Structure formats: structure tokens, C-alpha cells
2 protein chains.
Amino acid sequence: MIAATPNPPYYAVIFSSVRTEFEEGYAETAEEMVRLAEEQEGYLGYESVRDGLGITVSYWASLDAIRNWKQQTDHQVAQKLGRANWYAAYKTRICKVERDYEFFESEK
Amino acid sequence: MIAATPNPPYYAVIFSSVRTEFEEGYAETAEEMVRLAEEQEGYLGYESVRDGLGITVSYWASLDAIRNWKQQTDHQVAQKLGRANWYAAYKTRICKVERDYEFFESEK
């Protein structure tokens with residue numbers, strides 16, 4: 001569930017969104033986008049949660065990898081459908097991960 | 001719900017976590033930490049969702065602001081309690097937000 005990313009630096013795309021009530025096609029498309037992202041060069045993993053607000057963070061090896069994914073043909077169609085149907089609002093933030101640290105209960 | 005952050009560059013702390021089943025003190029402490037973070041210099045906003053996995057992203061004006069918050073006394077106590085009681089695992093990623101863009105339904 002917590003993405004196993006390599007040592008920094010790497011990149012993160014934070015996608016924060018609020019959905020409309022329109023459901024048709026959303027779940028299938030979201031699932032297909034995860035499948036396609038996993039095939040992209042430079043894809044490192046993702047984490048996603050929704051409870052009213054949705055936060056999806058995808059991790060990438062480079063800004064080029066993020067740009068290629070943004071321009072991937074099926075993803076472009078999904079983005080357009082997202083704006084037309086599924087999202088009331090969203091904000092996308094492109095970030096460079098400079099440092100990270102983690103904790104696992106087994107370390108106690 | 002989606003944080004109204006200024007134009008980049010600014011900083012983000014992505015805190016991805018899995019909780020234990022231990023509830024005592026968690027909600028009150030989480031609420032108090034939000035209140036204290038809001039008082040910190042350089043605090044810009046936050047977004048938080050949990051549904052099994054939890055993702056909380058806080059936004060900051062500088063790395064110094066993030067460092068000061070990490071070292072804030074009450075926050076240090078909360079971090080220690082978090083590792084001892086409330087979290088099975090977490091990963092914290094310190095990021096520089098280089099670019100962002102947004103969409104609101106009213107733009108259609």
C-alpha cells in the first residue's frame with residue numbers, strides 16, 4: 001500500500017481531486033490508467049485514497065517520464081473525460097522528492 | 001478540501017501511513033497537530049484522506065519551515081507516540097513542488 005520507491009531524488013505527482021456524482025466509466029478508466037501507467041518507462045509506484053477528497057500520488061524516475069505519461073494517448077482521452085464528467089475540481093502538483101524516511105512496526 | 005497554495009516553488013511533505021488498531025489519543029492528537037501546524041511560520045495548507053491507507057500532504061514555504069515543524073516540541077512527542085502506538089508503518093517524503101495546475105468545474 002505504501003509505495004516502495006528507490007532512494008531520492010525521484011519525482012512525485014500529487015493529484016488531489018473532488019469527484020462529481022457521475023459514476024459511468026470512472027472505475028474502469030481509473031483501473032485502466034493504473035495498468036497503463038505501470039507500463040510507462042520511469043514509473044516507480046503509486047498510492048491512492050479517496051474519502052470525499054481523493055489523493056493519488058504517483059512516483060516517477062524523471063520529469064521526462066511524467067511528461068510522457070501526461071501525453072500518452074489513452075491518458076489524454078481519460079483526462080478530457082475526467083474534466084467533462086468525473087471531476088468537480090482537481091489540482092496536480094509536480095514535485096521533486098528530495099528526502100524520505102520510513103518506519104515499520106517491526107523496527108520497534 | 002483541496003489546499004489553496006501559492007504559485008510554485010513551494011514544498012510538500014507527503015506522509016503515507018498505515019494505522020494500528022490502537023485508537024486511544026489518536027484523533028485528539030491528530031487534531032491538535034493540525035492546529036499547531038497552522039501556527040507555524042511558513043505553513044501553507046494541508047490535505048488529508050484515510051481509507052485503510054492514509055495520505056496527508058502538508059504544504060510549506062521552505063525547507064526551514066518543514067525542519068522547524070519537525071522539531072516543534074509537542075510534535076516531537078506526537079511523533080514518538082505515533083511510532084509507539086498508532087502507526088504500523090509510515091513513509092515521509094520531503095518534496096519541492098516545481099509546477100502545479102488546477103481545474104474547477106465552473107471553468108467548463
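Could you check how many residues of segment B:78-105 are aliphatic (A, V, I, L, M), closer than 30 Å to B:Pro6 by Cβ and more than 7 Å from chain A (Cβ to nearest Cβ)?
Let us first name the residues in segment B:78-105 that are aliphatic (A, V, I, L, M), namely B:78, B:81, B:84, B:88-89, B:94, B:97.
Narrowing the set further to residues that are closer than 30 Å to B:Pro6 by Cβ leaves B:78, B:94, B:97.
Those left that are additionally more than 7 Å from chain A (Cβ to nearest Cβ): B:78.
Counting residues in segment B:78-105 that are aliphatic (A, V, I, L, M), closer than 30 Å to B:Pro6 by Cβ and more than 7 Å from chain A (Cβ to nearest Cβ) gives 1.
Taking the options A:Arg83, A:Arg67, name whichever one is without any contact (Cβ under 8 Å) to a residue 12 or more places away in the chain, within 15 Å of the chain's Cα centre (by Cα) and assigned to a helix (DSSP H, G or I). Lay out the reasoning, then the answer.
Details: A:Arg83 fails: within 15 Å of the chain's Cα centre (by Cα).
Answer to the selection: A:Arg67.
Here are some residues: B:Glu28, B:Glu21, B:Glu32. Which one is touching an Asp or Glu at 6+ places or on another chain (Cβ under 9 Å), modelled with pLDDT of 95 or more and more than 19 Å from A:Thr92 (Cα to Cα)? If you could, list the steps in order and put the result at the bottom.
Working: B:Glu28 fails: touching an Asp or Glu at 6+ places or on another chain (Cβ under 9 Å); B:Glu21 fails: touching an Asp or Glu at 6+ places or on another chain (Cβ under 9 Å).
That would be B:Glu32, the only listed residue that is touching an Asp or Glu at 6+ places or on another chain (Cβ under 9 Å), modelled with pLDDT of 95 or more and more than 19 Å from A:Thr92 (Cα to Cα).
List pairs: first in segment A:91-108 and within 14 Å of B:Trp86 (Cα to Cα), second modelled with pLDDT of 95 or more and open to solvent by 80 Å² or more (accessible area, probe 1.4 Å), Cβ under 7 Å, 6+ apart or cross-chain? Pairs found: A:Phe103/B:Arg83.
When you go through A:Glu41, A:Glu32 one by one, which is the residue that is free of Cβ contacts under 8 Å to residues at least 60 places away in the same chain and over 26 Å from A:Ala84 (Cβ atoms)? Walk me through it before giving the result.
Values: A:Glu32 fails: over 26 Å from A:Ala84 (Cβ atoms).
Going through A:Glu41, A:Glu32 in turn, the sole match is A:Glu41.
Go through segment A:14-25 and report how many residues are farther than 26 Å from B:Lys96 by Cβ and within 14 Å of another protein chain (Cβ to nearest Cβ). Quick ask: steps written out before the conclusion?
First, pick out the residues of segment A:14-25 that are farther than 26 Å from B:Lys96 by Cβ: A:19-25.
Filter once more, so that each one left must be within 14 Å of another protein chain (Cβ to nearest Cβ): A:19-22.
Residues meeting the conditions: 4.
It is to be established whether one or more residues within segment B:26-45 are within 8 Å of chain A (Cβ to nearest Cβ) and either assigned to a loop (DSSP other than H, G, I, E, B) or surrounded by 14 or more Cβ atoms within 10 Å (Cβ to Cβ) (or both). No, that holds for no residue.
The values are calculated or read from the model by the stated rules, or taken from the named source; none is laboratory data. All values reported here derive from a predicted model rather than from experimental measurement. Positions of Cβ are backbone-derived with ideal geometry, glycine not excepted, and every protein chain shown enters the neighbour counts. For the accessible areas, the whole protein counts, side chains as well, though only heavy atoms, and no ligand, DNA or RNA atoms are used. Shrake-Rupley method; radii C 1.70, N 1.55, O 1.52, S 1.80 Å.
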